[in-house]
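Right, one structure below, let's go through it.
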Amino acid sequence: MRGTRRGLVAAGLTTAVTLAGLAVTGPAQAASCPANSVCIYENRNLSGGYVQVYTSSGLVRRAIPVSWLYDCKWVHIAHGNASSGSNTTGFAFDLLYINPSNASQKRFIGRMAPHKSYNSFGSGDDDTNYIMSPGCGPE
């Protein structure tokens with residue numbers, strides 16, 4: 001766990017730059033997202049409720065605690081309905097689209113910087129289906 005946290009800290013420090021496709025909003029917009037969580041919303045402008053994510057208990061509609069992303073774990077977003085989000089953690093996370101029919105077809109949507117909110121995932125709206133620590137992910 002110590003190495004993992006170190007990796008997450010390093011990722012957070014090295015990813016202050018966010019890709020142009022994501023529309024950044026101020027930290028005040030993230031008020032509905034619990035601390036130390038990543039919240040992914042169905043609609044733009046942090047609206048429409050949380051997207052469904054797959055867990056060992058089945059589909060749930062909730063904020064994603066940072067602990068779910070430790071040790072290079074990743075979270076699969078059901079139906080790719082993600083359009084906006086907030087990151088209230090101290091770490092950066094990558095958003096990807098992975099083609100369900102052909103896992104070798106991947107597209108990087110953007111990187112959620114620490115303590116930032118995004119009103120839109122730009123060209124990744126309704127395509128984002130995975131969130132993970134930089135350099136990690138399903139093979």
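Filtering Tyr70, Tyr50 for residues that are within 19 Å of Asn36 (Cα to Cα), modelled with pLDDT under 90 and surrounded by 14 or more Cβ atoms within 10 Å (Cβ to Cβ) leaves a single hit, Tyr70. When Asn87 is tested against the conditions (1) at positive phi; (2) modelled with pLDDT of 90 or more, the lone failure is (1). Taking (1) at pLDDT 90 or above; (2) over 14 Å from Ser37 (Cα atoms); (3) not basic (Lys, Arg) in turn, Ala63 satisfies each apart from (2). As a summary of the residue check, Ile98 satisfies the conditions (1) surrounded by 13 or more Cβ atoms within 10 Å (Cβ to Cβ); (2) over 17 Å from Asn119 (Cα atoms); (3) at pLDDT below 85 except for the one numbered (3). Every listed requirement among (1) within 16 Å of Cys39 (Cα to Cα); (2) touching an Asp or Glu at 6+ places or on another chain (Cβ under 6 Å); (3) at pLDDT 90 or above is met by Gly80 save one, (3).
Of the residues making up region 49-86, those that are part of a strand (DSSP E or B) and over 12 Å from Tyr130 (Cβ atoms) are Gly49, Tyr50, Gln52, Thr55, Gly58, Leu59, Val60, Arg61, Pro65, Ser84, Gly85, Ser86.
The values are calculated or read from the model by the stated rules, or taken from the named source; none is laboratory data. Only a predicted model underlies this, so the values are computations on that prediction, with no experimental measurement involved. We place every Cβ from the backbone using ideal geometry, glycine too, and count neighbours over all the protein chains shown.
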